[in-house]
Amino acid sequence: MHAADTRALLAYNRWANDRMLDDVRTLDVSQLTADLATSFKSVLGTVAHIYWGEWLWVQRWAGQSPKQRPSYDDYRMLEDVERPWRDVQADQERFAAELTDERLDQRIAYENSRDERWEYSLARMIQHLVNHSSYHRGQVVTLLRQLGRAPRSTDLLVWIDEAGGTP
């Protein structure tokens, strides 16, 4: 994987997250926080999980191993997630701007919340972040449909087409 490809992947991820958040903003607070019997209870809980995962991986890329686990009950409104997520997105953009092919090959070790040690190349970590966010955006799509909404596609090829075929 090359730095330019990685920057494109992170740009796609941001576009997809922004598009998802636009669709989520159509919900009222009761719909946003309704317990829909899913992994993270609600649309808001699932969105918060995506945000938290992105925050966690940025920390790990910087050599940190945060141990705290989020309490999704702390997020009562979408703005509670969007506000800190903007900082994470800015951190990702700064990080992406400085990427090199050599840096992507470097291995980074971290400990998870269970004190288990893991190590992967930076490229694999970034791929995982985008995959993780895509997976959970898919869950948000399902929840939005259950609430009677018609969310827009966040498919990679849609992003490429909207970017004129050359992201």
Discussion item. Here is a check on your reading of the model: is residue 68 polar (S, T, N, Q) and either at positive phi or not in a loop (DSSP other than H, G, I, E, B) (or both)?
Written reply: no
Worksheet, complete the sentence: Counting only residues in the stretch 151-167 that are of a type outside the set (D, E, K, R) and within 18 Å of residue 47 (Cβ to Cβ), the one surrounded by the most Cβ atoms within 10 Å (Cβ to Cβ) is identified as 154
Discussion item. Every residue in the stretch 1-39 that is farther than 28 Å from residue 163 by Cα and free of Cβ contacts under 8 Å to residues at least 60 places away in the same chain, please.
Written reply: 28, 29, 30, 32, 33, 35, 37
Worksheet item: Out of 140, 58, 81, which single residue is within 16 Å of the chain's Cα centre (by Cα), within 23 Å of residue 8 (Cβ to Cβ) and free of Cβ contacts under 8 Å to residues at least 40 places away in the same chain?
Response: 58
Response to the item:
Quick count over the stretch 76-106, residues being touching a Phe, Trp or Tyr at 6+ places or on another chain (Cβ under 8 Å) and under 15 Å from residue 3 (Cα atoms), is 1
Worksheet entry | Residues satisfying the stated conditions in the stretch 25-48, i.e. touching a helix residue (DSSP H, G or I) at 6+ places or on another chain (Cβ under 6 Å) and under 14 Å from residue 81 (Cβ atoms) | 32, 33, 40, 42, 43, 44, 45, 46, 47, 48
Response to the item:
Across the stretch 70-92, the tally of residues that are more than 12 Å from residue 32 (Cα to Cα) and among the hydroxyl-bearing types (Ser, Thr, Tyr) stands at 2
Worksheet, complete the sentence: Of the residues in the stretch 16-42, those that are touching a Ser or Thr at 6+ places or on another chain (Cβ under 8 Å) and assigned to a helix (DSSP H, G or I) number 6
Item to complete: Test residue 128 against the criterion of being at pLDDT 95 or above, more than 21 Å from residue 43 (Cβ to Cβ) and either surrounded by 13 or more Cβ atoms within 10 Å (Cβ to Cβ) or not aliphatic (A, V, I, L, M) (or both), and give yes or no.
Response: yes
Worksheet item: Which condition breaks for residue 63 when tested against (1) surrounded by 11 or more Cβ atoms within 10 Å (Cβ to Cβ); (2) touching a residue at least 24 places away in the same chain (Cβ under 8 Å); (3) more than 19 Å from residue 132 (Cα to Cα)?
Response: (1)
Worksheet item: Any chance the stretch 93-116 includes a residue that's touching a residue at least 12 places away in the same chain (Cβ under 8 Å), assigned to a helix (DSSP H, G or I), within 24 Å of residue 44 (Cβ to Cβ) and not charged (D, E, K, R)?
Response: no
Discussion item. When you scan the stretch 41-58, do you find a residue that is farther than 15 Å from residue 136 by Cβ and surrounded by 15 or more Cβ atoms within 10 Å (Cβ to Cβ), even just one?
Written reply: yes
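The values are calculated or read from the model by the stated rules, or taken from the named source; none is laboratory data. Source: prediction; values computed, not measured. Cβ sites come from the backbone with ideal geometry, for glycine too, and all protein chains shown count toward neighbours.
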